[in-house]
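Single-structure report; data block below.
The values are calculated or read from the model by the stated rules, or taken from the named source; none is laboratory data. Quick caveat: nothing in here was measured; it's all calculated off a predicted structure. Please note: Cβ atoms are built from the backbone with ideal geometry, for glycine as well, and neighbour counts cover all protein chains shown. For accessibility, only protein heavy atoms count, side chains too; no ligands or nucleic acids. Shrake-Rupley method; radii C 1.70, N 1.55, O 1.52, S 1.80 Å.
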Amino acid sequence: MLLSFYPGPAKVYPQVSQYMQEAMQEGILSLNHRSPAFMSLCEATIENCREKLAIPANYTLFFTSSATECWEIIAQSFLQEGDSVLHYYRGAFGEKWADYTEKLCSYASKQVRIFRHEDATSLPTNPTLACFTPNETSNGTAINDSALRKLIKGISPAFVACDVTSSLGGVQLPFKLGDIWFASVQKCLGLPAGMAVCMMSPRAVKRAYEIGEKAHYNSLTNILDNIQKFQTPYTPNILGIYLLNKVMQQVAPIAEIDAMIRRRAKDWYAFLAQYKKYSTHGNFTRSPTVLCVESKPAKIQHLKTEMQNRHIVLGNGYGKGKDNSFRIANFPAITEEEIAICKANLANLLVSE
Ligand SMILES: *Cc1c(COP(=O)(O)O)cnc(C)c1O
């Protein structure tokens, strides 16, 4: 068995194997997605997510096929002519999101002003929408809650959207700070890929209806109309929804998971700090859920290969950090035993350097 510390697709909760069998046996996978049985599964899943992830009661929750689709939906259905959008990012996923907004909003007929920023100096103020990736999976940087609050206060956008793909399910999120939150399920939520969850504030729902964009299969108003009936515009990933519901029933409340993840992160960073030829981000900007470790490319390559020989998969570097970093997922589906094995092997390899 391989031990995976890849930050996505990441280790799936082992119970998922059993849940998949149950989904088959219960016959839910062959049911029409307009049937009462599907609608009640959909409703239960939303309620269990709300309860376990501490999502505000008045936020609308719905399903899409990926975080990438959410980027597209926001550009397509949440922005209109004359709007301005700020993409504030520090890595490859945030940058990709900005690229999609640009392709959908500025090259096309919609003239939306797009600002891109990677640091907090001279940020434009009062954009229609400010987009953040508070946990940047590509390089293990994070904007912690108080920094995010400060940024939003300074920018004073009309609406805030956050891509939380590698933190939803691992840490408690400050939902009230933002209007649109979304995450794919194959990272911190410990599920197979192919689905995402999106949460929207009542003000954001209102704006989506005011804009009323209806030209696409995944137009926001279409999704919102359907989810009111616990349905989806197109046949959804029913297995994905079923598994999410099961995992949400199984996991501890997010406050407990948050404490565990932060404790484990602290231990991981203290462990890594012993090895001076390897560096991590500073205390204020490092992610609790995705650790990025930098060193010389030859060292990184050697370490990854040696660990692979020991059946432990470290995450490759991503984008600009492809050759000079590796990543370690600190996701809740990973066990203390697995972390201990990983650390023992790393220590064994690094001690001689
Ligand atoms: C993985 C990831 C994505 C892309 O997820 P998909 O499921 O491939 O759409 C987007 N944003 C962040 C922050 C990610 O970590």
key: Where labels lie 7 Å past Cα in the beta-carbon direction, separation of Glu26 and Thr335 in nm   = 2.5 nm
ask   = Which whole-number percent is the relative contact order of the chain (Cα, under 8 Å, 6+ apart)?
value = 25 percent
message = If you average the C-alpha positions of the range 170-186 and of the range 247-272 separately, how far apart do those two centres end up, in angstrom?
response = 16 Å
ask   = Hey, what do the phi angles of the range 110-127 turn into as Karplus ³J(HN,Hα) couplings, whole Hz, using 6.51/-1.76/1.60 and θ = phi - 60°, x for Gly and Pro?
value = 6, 9, 9, 7, 10, 10, 10, 9, 10, 9, 8, 7, 6, 6, x, 10, 6, x
inquiry  = Cut-off under 28 Å on the C-alpha distance; same-chain residues fewer than 8 positions from Lys299 excluded. Which lysines are left, in chain and number order?
reply    = Lys11, Lys187, Lys266, Lys276, Lys277, Lys320, Lys322, Lys343
request  = Determine how large the accessible area of Tyr275 is when every protein chain is in place; take a 1.4 Å probe and give Å² rounded to the nearest 10.
outcome  = 40 Å²
request  = Could you tally the net charge around Val313, taking each other residue with its Cβ under 13 Å from the Cβ of Val313, Lys/Arg +1 and Asp/Glu -1?
outcome  = +2
query = Under a plain spin-label model, where a point goes 7 Å from the Cα along Cα-to-Cβ, how far apart in nm are Arg34 and Arg203?
reply = 3.7 nm
note = Stokes-Einstein, Kirkwood over Cα pairs, the chain, 4 °C, 1.567 mPa s; D in µm²/s equals 62 µm²/s
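Could you look at the range 16-250 and say what percent of its accessible area is carbon and sulfur, using a 1.4 Å probe and all protein chains? Provide the component values of the computation, followed by the final result.
Numbers: 4710 of 9200 Å².
Of all accessible area on the range 16-250, carbon and sulfur atoms account for 51 percent.
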query = With the other protein chains left in place, how much accessible area per residue, in square angstrom, belongs to the chain at a 1.4 angstrom probe?
reply = 43 Å²
task = Sort out for me the Cα centre separation of the range 1-59 from the range 286-353, rounded to whole Å.
result = 29 Å
ask   = Sorted from largest down, what three extents in whole angstroms do the Cα atoms of the range 240-353 have along their principal axes?
value = 44, 30, 29
remark   = Comparing Glu51, Glu43, Glu337 in a Gaussian network model of the chain (Cα, 10 Å), the one with the largest mean-square fluctuation is Glu337
message = Please check: in the Gaussian network model of the chain (C-alpha springs, under 10 Å), which one of Ala252, Ala120, Ala23 has the largest mean-square fluctuation.
response = Ala120
